[in-house]
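What follows is a single structure, written as structure tokens, with notes after it.
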Amino acid sequence: MMENIDKRLRASQFRERLNRALRDSGLSQSALARATGVDRSTISQLLTDDGARLPNAHVVGACASALGVSADWLLSLSDRPESAAELLASSVSMSEAPRALVDARIYEWHQEAAGYKIRHVPTTLPDMLKTRAVLEWEYAPHLGRTAHQAIGASEDRLAWMRTSGSDYEIALPIYEVDSFAKGVGYYEGLPVELRIEQLDHLERLTTQLYPRLRIYLYDAKRLYSSPLTIFGPLFCVFYAGSHYMAFRDRERVETFTGHFDRLVREADITARQLPRRVRALRAQLSQPR
């Protein structure tokens with residue numbers, strides 16, 4: 001909520017910030033007057049007058065544009081002097097996303113957030129929890145000889161998680177695990193023996209690594225999430241297919257953290273219950289057909 005400020009105090013803060021911005025810009029009063037299209041005497045008055053009046057919006061906007069700051073900051077409506085474009089450029093970045101998670105950026109992001117809780121909504125079963133056989137089935141047709149890089153990257157990430165001091169929370173829709181067990185949808189054509197091996201592997205990891213690793217299953221009929229990873233309070237990254245979109249501003253990180261925490265809070269299968277669910281799916285595959 002915006003704090004109400006006395007008009008005289010706001011006018012005083014405007015003068016202080018205008019003087020600061022002018023000093024930092026290296027412009028003279030005459031240069032600012034030319035850039036804003038107002039008289040030099042008007043600029044001088046804005047910088048020195050101790051009255052309670054503020055200039056009109058046109059003059060404030062012109063000064064902000066000429067000095068490279070935001071009008072909201074000049075008017076004490078924001079504590080950030082950067083312009084909206086600069087704020088956006090510093091808080092959002094785009095980077096190319098390869099088919100397999102083999103590029104160094106993924107690992108760098110995890111290292112940057114070491115010690116913080118990492119929240120993750122993957123596109124499929126998490127790569128770092130897949131068996132080598134499943135990864136080969138998934139990546140080899142698309143990557144050929146470079147499939148071993150994807151496999152190595154996922155194994156490195158699991159090893160990192162074991163030693164980094166970071167808790168890892170993963171939220172998945174229930175249908176993702178069920179579809180894997182049944183070998184339908186994305187997993188169509190995956191041999192049953194590989195699915196059984198994967199379910200055994202998943203049960204083992206989620207039991208051994210709990211509570212450092214916690215996986216929750218939510219009902220996609222009630223809740224939805226695009227693929228994303230939230231690196232503690234530092235930043236969050238969306239997976240958009242061909243690119244990653246990273247947000248570093250606090251408000252967005254808090255918003256998406258709240259979104260993820262809702263997935264966990266309203267999950268139908270908790271991290272404690274997941275191994276039992278996996279065992280049940282595995283048992284179904286072992287039954288005679």
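Where a number appears in this text, it was derived from the coordinates with a stated rule and is not lab data. It should be emphasised that the depicted structure is a prediction, and the values quoted were computed from it without experimental measurement. Positions of Cβ are generated from backbone atoms using ideal geometry, with glycine treated the same way; all protein chains shown enter the neighbour counts.
Values computed for the structure shown
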item	result
DSSP-defined beta bridges in the chain - what % are antiparallel, rounded to 5	65
Cα-derived Rg over Rh, computed across segment 222-289 with Rh taken as Kirkwood radius	1.16
Inter-probe distance in nm under a simple model that places probes 7 Å from Cα toward Cβ, at SER41 and THR257	5.4
For segment 7-82, diffusion coefficient by Stokes-Einstein and Kirkwood Rh (Cα), 4 °C, 1.567 mPa s, µm²/s	108
Estimated 222 nm signal from helices in the chain, with DSSP H stretches of n ≥ 4 weighted -39500 (n - 2.57), rounded to 500	-16000 deg cm²/dmol
Length gained when the stretch HIS148-ASP268 is fully extended (0.36 nm per residue, less Cα-Cα span)	39.7 nm
Amide N of segment 12-32 lying under 17 Å from the label point, which is placed 7 angstrom from the Cα of LEU54 along Cα→Cβ	12-21
For the chain: Kirkwood Rh in Å [reciprocal of mean 1/r, alpha carbons]	22.7
Scaled radius of gyration (Cα, divided by 2.2 N^0.38 Å) that segment 111-237 gives	1.06
Approximate spin-label separation ARG10-ARG132, in nm, with each point projected 7 Å along Cα-to-Cβ	6.7
Computed FRET value (nearest 0.05) for SER28 with SER242, which takes r as the C-beta separation and R₀ as 35 Å	0.15
Anchor LYS130: lysines whose Cα lies under 28 Å away (excluding residues fewer than 8 positions away in-chain)	LYS117, LYS182, LYS221
